[in-house]
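Have a look at the structure below, then the notes.
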Amino acid sequence: MKYLLNGESTERLKFRNLKESDFDSWLPFHEDSRSSEFWDGLPNDPKTACKQQFNRVFERYEQDLGGMNALICKKTNLLVGLCGLLIQTVDNIEELEIGYSILPEYWKKGYATEAAKKCKEFAFNTNFRDSLISIIHTDNLPSIKVALANGMQPSKTTKYHNNPVQIYRVFN
């Protein structure tokens with residue numbers, strides 16, 4: 001579980017492992033069609049999509065492949081998003097990705113950038129890798145803005161799970 005930020009925090013957020021009991025709080029992410037508008041191949045049913053995502057997070061935890069952390073607002077103690085370090089294979093190369101998703105009601109409040117910056121700091125301070133990536137659909141401008149705010153630059157364009165993506169990268 002070395003890639004998880006459980007117990008870490010930022011000015012406004014606490015990181016902790018995702019729990020089964022977070023399902024109902026996270027479901028609105030999948031119920032809002034804007035959350036998946038840039039990604040093909042996800043289940044149409046929100047509950048199925050949420051269950052699939054939770055299963056993958058817990059599978060990553062068990063296999064020490066990193067994973068998404070629950071982002072808890074310090075002020076309200078409510079779940080606002082997920083963010084974490086994920087072992088990914090892109091074009092047959094193992095990479096460490098900063099992944100982030102925020103509940104729609106909390107968009108445009110800087111939570112994704114705040115959490116992504118903490119992931120970058122954590123990964124580089126623990127010397128996990130010399131560089132980190134974010135895998136972003138080529139049309140996903142909000143996520144691109146987060147990557148740029150996190151000091152990342154476009155590295156290459158490729159296909160990932162049959163989606164056109166830009167790989168954004170930052171070096172330590």
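The values are calculated or read from the model by the stated rules, or taken from the named source; none is laboratory data. Model, not experiment: these values are computed from the prediction. Every residue, glycine among them, receives a Cβ derived from its backbone with ideal geometry; neighbour counts consider all protein chains shown. Quick note on the areas: whole protein, heavy atoms, side chains included, nothing else; ligands and nucleic acids left out. Shrake-Rupley method; radii C 1.70, N 1.55, O 1.52, S 1.80 Å.
Scanning segment 122-146 for residues that are touching a residue at least 24 places away in the same chain (Cβ under 8 Å), in a helix (DSSP H, G or I) and under 23 Å from LYS2 (Cα atoms), we see that the one that is farthest from the chain's Cα centre (by Cα) is PHE124. Report those strands (runs of 3 or more DSSP E) wholly inside segment 37-121 carrying at least 1 residues which are surrounded by fewer than 16 Cβ atoms within 10 Å (Cβ to Cβ). In segment 37-121, the matching strands (runs of 3 or more DSSP E) lie at 79-90, 93-102. When ASN127 is tested against (1) closer than 17 Å to THR158 by Cβ; (2) among the polar types (S, T, N, Q); (3) surrounded by fewer than 16 Cβ atoms within 10 Å (Cβ to Cβ), exactly one condition is not met: (1).
Inspect all residues belonging to segment 12-23 and state whether any of them is in contact (Cβ under 8 Å) with a residue 60 or more places away in the chain, open to solvent by less than 50 Å² (accessible area, probe 1.4 Å) and touching a Ser or Thr at 6+ places or on another chain (Cβ under 9 Å). Break it down stepwise before answering.
First, pick out the residues of segment 12-23 that are in contact (Cβ under 8 Å) with a residue 60 or more places away in the chain: 12-15, 18.
The next check asks that each one be open to solvent by less than 50 Å² (accessible area, probe 1.4 Å); those that pass are 13, 15, 18.
Going one step further and asking which of them are touching a Ser or Thr at 6+ places or on another chain (Cβ under 9 Å), we end up with 15.
Yes, there is a match, as at least one residue in segment 12-23 is in contact (Cβ under 8 Å) with a residue 60 or more places away in the chain, open to solvent by less than 50 Å² (accessible area, probe 1.4 Å) and touching a Ser or Thr at 6+ places or on another chain (Cβ under 9 Å).
Put simply, of GLU59, GLU97 the only residue that is farther than 21 Å from ASN172 by Cα and of a type in the set (D, E, K, R) is GLU59.
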